[in-house]
Amino acid sequence: MKSYKIEAFENLVDAFGSLPSIGKKSAIRLAYHAVMEDGFAAMKLAHAIETGVNAIHKCSKCHNMSEDELCSICSDPYRDSSKLCIVQSAKDILTIEESGQFNGVYYVISEVRDLDEAHLFYAVGGVDEIIFAFPPSIATDTMILYIEDKLKGFEVKFTKIAQGIPTGVELENVDMVSLSRAMQARVKI
Ligand SMILES: [Zn+2]
């Protein structure tokens, strides 16, 4: 049977469909919009994606997103570098910054198996409090124990964000009031 598929369109649908939280229907809608309804906006989007992917990489100190060697938080002399907040994703830094409740610095640890111990030790130098801002779950509790154990030679107080963070929910989906309270009422661990 003859195929009436338009290859370039199918490729675009596949590309949109490969993005997180975009299903097949949305992918078709977005691809159609891009090629048939607003080509200019689509070209702007393509350009912004290309620029972003080329310009943004990991901060060499904390693994936050950055356009420079050090991110804007690590290079800010007014941040309190004695307080280090460990997060699972650089996206969580955006969320905590939006809450305005934390003036320390950050460190991103996505997976324990990717942890570079020597690099973590370097980040922890001069820190007196480590705050774990992980969404509560058995997996993250295990991660906290593991990291604490690695850092047992350091003179630091370990705390974690407190009440109001529901179990199994990503930090970016927590409402700002709950996150602010959790950051203020962090508990010693
Ligand atoms: Zn940084």
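Counted by Cβ distance under 14 Å from D92, the other residues give a net charge of -2, where Lys and Arg count +1 and Asp and Glu count -1. The value obtained for the chain, namely the Cα convex hull volume divided by the number of residues, is 171 Å³ per residue. Over all distinct Cα-Cα pairs of region 122-162, the Kirkwood formula returns a hydrodynamic radius of 10.8 Å. Sites listed here are GluC sites (Glu not before Pro) in region 24-121 whose DSSP assignment is loop and whose Cβ has at most 15 other Cβ atoms within 10 Å: E67, E69, E111.
What does a probe at F154 reach in region 54-90, counting residues whose amide N is under 14 Å from the point 7 Å along Cα→Cβ? Residues 61-63, 81-87 qualify, since their backbone N sits under 14 Å from the label point. Sorting the segments 7-13, 52-58, 26-32 by their residues' average number of neighbouring beta-carbon atoms within 10 angstrom, most packed first, yields 26-32, 7-13, 52-58.
Averaged per residue, region 7-55 has 77 square angstrom of accessible surface, using a 1.4 angstrom probe with ligands and nucleic acids left out.
A Cβ-based charge dipole, computed about the Cα centre of the chain with Lys and Arg at +1 and Asp and Glu at -1, lands at about 460 debye.
For I189 and L19, the FRET efficiency from 1/(1 + (r/R0)^6), where r spans their Cβ atoms and R0 equals 25 Å, is about 0.10. Around the Cα centre of region 7-55, unit charges on the Cβ atoms of Lys, Arg, Asp and Glu (plus for the first two, minus for the last two) sum to a dipole of about 200 debye. Overall, the accessible surface of the chain at a probe of 1.4 angstrom is composed of carbon and sulfur to the extent of 56 percent. Excluding F158 itself, what net charge comes from residues whose Cβ is under 9 Å from its Cβ, given Lys and Arg +1 and Asp and Glu -1? So the environment of F158 carries a net charge of +1. Each of M43 and Q101 was given a label point 7 Å from its Cα along the Cα-to-Cβ line. The distance between the two points is 4.6 nm. When L151, L45, L145, L115 are compared by accessible area at a 1.4 angstrom probe, the order from most to least is L145, L45, L115, L151.
The values are calculated or read from the model by the stated rules, or taken from the named source; none is laboratory data. These numbers come from a predicted model, not from an experiment. Here the Cβ is made from the backbone with ideal geometry for all residues, glycine too, and neighbour counts use every protein chain on show. Please note that ligands, DNA and RNA were not included when accessible areas were found on the heavy atoms of the full protein model with its side chains. Shrake-Rupley method; radii C 1.70, N 1.55, O 1.52, S 1.80 Å.
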